[in-house]
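Okay, handing you the structure first.
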Ligand SMILES: [Zn+2]
């Protein structure tokens, strides 16, 4: 899958880079190791800009070794780690150094980092940017962990002025606090009880505030994990106005629907929540129309006991869905059911996230000069998701038992085959996408 579309061909790689993309009839240069994948799809390695690795500090939730192995098995060759859930959270250059030290030597894929915007750390943003974060992330509502506080609109305006000056992007968890945190009524084992505590209105209102701040400050803003399709209209009109506002959604919002979440199935809990079927179909239209630019995992695992699976209490369970390894087949399965072809997957899963992470000059495409990061997969083969084949530290995920189309057969990182039909090979050779020199 190249800029020319889908067709037979050969990819020549040397020293970690793609040197040439040759048509099928071209002669393969002599003296090089040849892998023939027949009629399988060869796509750029996936880029996932929304991953919570949680190390250091909460390595029992996930960790660089387990997360990046799961990435390899899912055809993902670059992840960007979110600034929160690790301790310390990445809210200063010193904390970034700690995180990079924790990641060093453990990563099976390339890893970049987001910095955090929290109340009072405006002076830390430029040093973090110099140290190599791809951009910043903040919350408008409580994040779920005490050490990563949410920002007020006032904090946000100040941070955005600084972010605009730096030329970075701000990722925002867009739920407005005025519509969140109402006391839940009803059976806590019923998904609807939880769903009612985080109405679409909270997202719509937050997106309205962000569009306004975007206009006032000129800063680039990216809405993470958009779940409410009602906010799409505001995003579309902001973009039509030329504002630098973009949005992502996640596989679970495109795959599942609230009507289908069983009582007590807390593995489905995330924030914002999975909404109803008609909302899901509208999200698909938003993706097809371009208002939503990409699909990234928001892989956010926690130990099973924190998911309150025994009690099935949606209100006390940790909110976060594990899906780093399953993004490609989950999105493909749901996309194909809706008549989409393979082509847009490269934009949604590779190219658009690479642009967001500032690495689109070397990742997210199969083209000469790009990193030889590739996934080889069979879109027509199906598999049942079983705990035994999941490489996340914790196996609980709402995809267990689902049959998905799209089997990852091989993964290449910088020209090295690191995964082949279920077998991993080689040491962790992923690079950290940051620069200590700037710290
Ligand atoms: Zn997240």
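If only Cα atoms are counted, what is the Rg of the range 170-290, and what is its Dmax, in Å?
14.7, 45
Restricting to DSSP H runs of at least four residues, report the calculated mean residue ellipticity at 222 nm for the chain, -39500 (n - 2.57) per run over all residues, nearest 500 deg cm²/dmol. Let's see the in-between values first.
Details: 11 runs with 111 residues, N = 439.
Using -39500 (n - 2.57) per qualifying helix, the result is -7500 deg cm²/dmol.
State, as an integer percentage, the relative contact order of the chain based on alpha-carbon contacts under 8 Å between residues 6 or more apart.
Details: 1017 pairs, mean separation 100.9, N = 439.
In percent, rounded to a whole number, it is 23.
Compute the relative contact order of the range 156-217 as a whole-number percentage, counting only Cα pairs closer than 8 Å that sit 6 or more residues apart in sequence.
On the way: 44 pairs, mean separation 24.0, N = 62.
Value for the range 156-217: 39 percent.
Sorted by mean Cβ packing within 10 Å, highest first, what order do the peptides 323-335, 89-101 take? List each step's numbers first, then the result.
Numbers: 323-335: 26.0, 89-101: 20.8.
Per-residue mean Cβ counts within 10 Å order the peptides as 323-335, 89-101.
Taking 25 Å as R0, compute the FRET efficiency from the Cβ-Cβ separation of residue 15 and residue 39 and round it to 0.05.
Details: r = 28 Å, r/R0 = 1.13.
About 0.30, to the nearest 0.05.
What FRET efficiency would be calculated for the residue pair residue 343, residue 276, taking the C-beta separation as r and a Förster radius of 45 Å, to the nearest 0.05? Walk me through the intermediate numbers first.
Details: r = 29 Å, r/R0 = 0.64.
My answer for the efficiency is 0.95.
In addition: If one takes the longest principal axis of the Cα atoms in the chain, at what angle in degrees, from 0 to 90 and to the nearest 10, does the Cα axis of helix 327-337 lie?
Orientation of helix 327-337: about 90 degrees from the principal axis.
Could I ask something else about it? Using alpha carbons only, how many degrees (0 to 90, rounded to 10) separate the axis of helix 93-103 from the longest principal axis of the chain?
On a 0 to 90 degree scale, this one is about 50.
Sticking with this one: Report, for the chain, the % of DSSP beta bridges that are antiparallel, rounded to 5.
Values: 26 of 53 bridges.
If I count the DSSP bridges inside the chain, around 50 percent turn out antiparallel.
Cα centroids of the range 254-326 and the range 32-68: how far apart, whole angstrom?
Each part's Cα centre sits 21 Å from the other's.
So for 306, 294, 128, 1, fewest C-beta neighbours within 10 Å to most, what's the order? Let's see the in-between values first.
Numbers: 306 17, 294 25, 128 30, 1 20.
Ranking 306, 294, 128, 1 by Cβ neighbours within 10 Å, fewest first, gives 306, 1, 294, 128.
Rounded, prolate or oblate: which fits the range 301-420, taking a ≥ b ≥ c as square roots of the Cα gyration tensor eigenvalues, rounded meaning a/c under 1.5, else prolate when a/b beats b/c? Could the numbers behind the result be given before it?
Numbers: a/c = 1.94, a/b = 1.70, b/c = 1.14.
It comes out prolate by the Cα gyration axes.
Of the listed peptides 351-359, 110-118, what is their order by residue-averaged count of other C-beta atoms within 10 Å, with the highest listed first? Intermediate values should be presented prior to the final figure.
Details: 351-359: 22.4, 110-118: 27.2.
With the highest mean Cβ count within 10 Å placed first, the list reads 110-118, 351-359.
How many nm is it between the label spots at residue 420 and residue 161, if each spot is 7 Å from the Cα in line with the beta carbon?
Calculated label separation equals 5.8 nm.
Could you give the length gained on full extension between residue 147 and residue 233, defined as 0.36 nm per residue of separation minus the Cα-Cα distance, in nm?
Values: separation 86, 0.36 × 86 = 30.96 nm, distance 3.39 nm.
Full-extension gain reported as 27.6 nm.
Helix 277-289 versus the longest principal axis of the chain: what is the Cα-based angle in degrees, 0 to 90, to the nearest 10?
50 degrees
Read-outs throughout are calculated quantities, based only on the coordinates presented, and are distinct from any laboratory measurement. Given the structure is predicted, the values throughout are model-derived calculations rather than measurements. Backbone-built Cβ (ideal geometry, glycine too); neighbour counts: all protein chains shown.
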